[in-house]
Amino acid sequence: MWGSGDFSIIGTTLQLVGEQLCEAADVAAGSRVLDVACGNGNATLAAARRFCEVTGVDYVASLLARGRDRAAAERLPIRFVEGDAEALPFEEGAFDTVLSTFGVMFAANQARAASEMVRVCKRGGTIAVASWTPEGFLGDMLRTISAYVPPPPSSPSPLLWGTERGISELFGTRTRTIALNRKEFVFRYRTPEHFVQIFRDYYGPTFTAFRGLSPEKASQLQTDLLNLLARSHRKGSLALAVPGQYLEVVLEKK
């Protein structure tokens, strides 16, 4: 699914979250940082701008290529590695800080992905994750899509990563919570129609959903998304501005 469309078009707009996550994690210059399910490299670049030794890992080769282009443009020495969040190709304790922004939350085996993040983080190191919440706009959007294209019955919701309970279940006694804050990222597009077109063309879940629907069902889904955007739009803004809530979590590995 994430190889469909071109998530980098949307991913680049989320750069601010990567910058804020690096600040929340208090990444130190010279430290070893891993960005899991890095996409086209938002948190990866943010850590490299802070003079860290950074590795980005993702299983979508085309997104890694976009990340390499961005790193080259800024002359940042980043290592991009093709790999799965559920089987990270790194040694135990290899990193001082392990990050993920809206990436690892979509792993099929969530418990395994969380365990891998803990495994590759050194003892006393930091794990920091930004994930969409069930109550926020992305939660509403994913539920709207699921009404037309239901996920597999056994598939856990990625939105569990955006809850305190979910984080506790995933990381358990292996970590200590340093900070847990709900934040907002504002989606800024020209109009609701512009938002839907961009997500229909480039965002994996939306791209896949529309491609699998009949023309009639696709039209109904588009209408539902436009109505959701109209309800979620921040009043007073000249163009579309939709606050999207996410959970920012910073943990310490015991």
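For region 133-145, indicate whether the set of residues that are under 28 Å from V54 (Cα atoms) and not aromatic (F, W, Y) is non-empty. Yes, because at least one residue in region 133-145 is under 28 Å from V54 (Cα atoms) and not aromatic (F, W, Y).
Residues in region 111-119: is at least one outside any helix (DSSP H, G or I) and either touching a Gly at 6+ places or on another chain (Cβ under 7 Å) or within 23 Å of L16 (Cα to Cα) (or both)? Break it down stepwise before answering.
So the first thing to find is which residues in region 111-119 are outside any helix (DSSP H, G or I), and the list is none.
Looking through region 111-119, none of the residues is outside any helix (DSSP H, G or I) and either touching a Gly at 6+ places or on another chain (Cβ under 7 Å) or within 23 Å of L16 (Cα to Cα) (or both).
Taken together, the criteria exclude S232 from residues that are surrounded by fewer than 21 Cβ atoms within 10 Å (Cβ to Cβ), free of Cβ contacts under 8 Å to residues at least 60 places away in the same chain and polar (S, T, N, Q).
Among the residues of region 121-143, those that are assigned to a helix (DSSP H, G or I) and either in contact with a helix residue (DSSP H, G or I) (Cβ under 8 Å, 6 or more places away or on another chain) or under 17 Å from G103 (Cα atoms) (or both) comprise F137, L138, G139, D140, M141, L142.
Checked against (1) outside any strand (DSSP E or B); (2) at pLDDT 95 or above; (3) surrounded by 15 or more Cβ atoms within 10 Å (Cβ to Cβ), H194 meets all criteria but (3).
Quick check, is Y189 aromatic (F, W, Y), at pLDDT below 95 and either closer than 24 Å to S62 by Cβ or under 16 Å from the mean Cα position of the chain (by Cα) (or both)?
So Y189 fails the test.
Note on region 71-104: among residues that are of a type in the set (S, T, Y) and within 15 Å of the chain's Cα centre (by Cα), the one that is surrounded by the most Cβ atoms within 10 Å (Cβ to Cβ) is T101.
The residue that is farthest from the chain's Cα centre (by Cα), among those in region 154-186 that are buried (at least 17 other Cβ atoms within 10 Å of the Cβ) and among the aliphatic types (A, V, I, L, M), is L170.
Can you tell me which residue within region 45-77, out of those that are in a loop (DSSP other than H, G, I, E, B) and of a type in the set (A, V, I, L, M), is farthest from V27 (Cα to Cα)? Here the answer is V60. Taking region 28-47 as the range and being surrounded by fewer than 24 Cβ atoms within 10 Å (Cβ to Cβ) and either in contact with a helix residue (DSSP H, G or I) (Cβ under 7 Å, 6 or more places away or on another chain) or under 20 Å from F90 (Cβ atoms) (or both) as the test, the residues that pass are A28, G30, S31, R32. Set side by side, the residues R123, R68, R112 differ, and just one is surrounded by fewer than 18 Cβ atoms within 10 Å (Cβ to Cβ), under 14 Å from W161 (Cβ atoms) and modelled with pLDDT of 95 or more, which is R112. Restricting T44, T101 to residues that are in contact (Cβ under 8 Å) with a residue 24 or more places away in the chain, touching an Asp or Glu at 6+ places or on another chain (Cβ under 9 Å) and under 21 Å from E252 (Cβ atoms) narrows the list to T101.
Which one is nearest to the chain's Cα centre (by Cα), of the residues in region 204-229 that are over 28 Å from W161 (Cα atoms) and in contact (Cβ under 8 Å) with a residue 12 or more places away in the chain? Spell out how you get there, then give the answer.
We begin by selecting, within region 204-229, every residue over 28 Å from W161 (Cα atoms); these are 213-220, 223.
Retained after the next criterion (residues that are in contact (Cβ under 8 Å) with a residue 12 or more places away in the chain): 213, 217, 220.
On the way: L213: 25, K217: 28, Q220: 27 Å.
Residue satisfying both the conditions and the ranking: L213.
The values are calculated or read from the model by the stated rules, or taken from the named source; none is laboratory data. Just so we're clear, the structure is a prediction, and the values are computed from it rather than from any experiment. Reconstructed Cβ throughout: ideal geometry from the backbone, glycine too, with neighbour counts over all protein chains shown.
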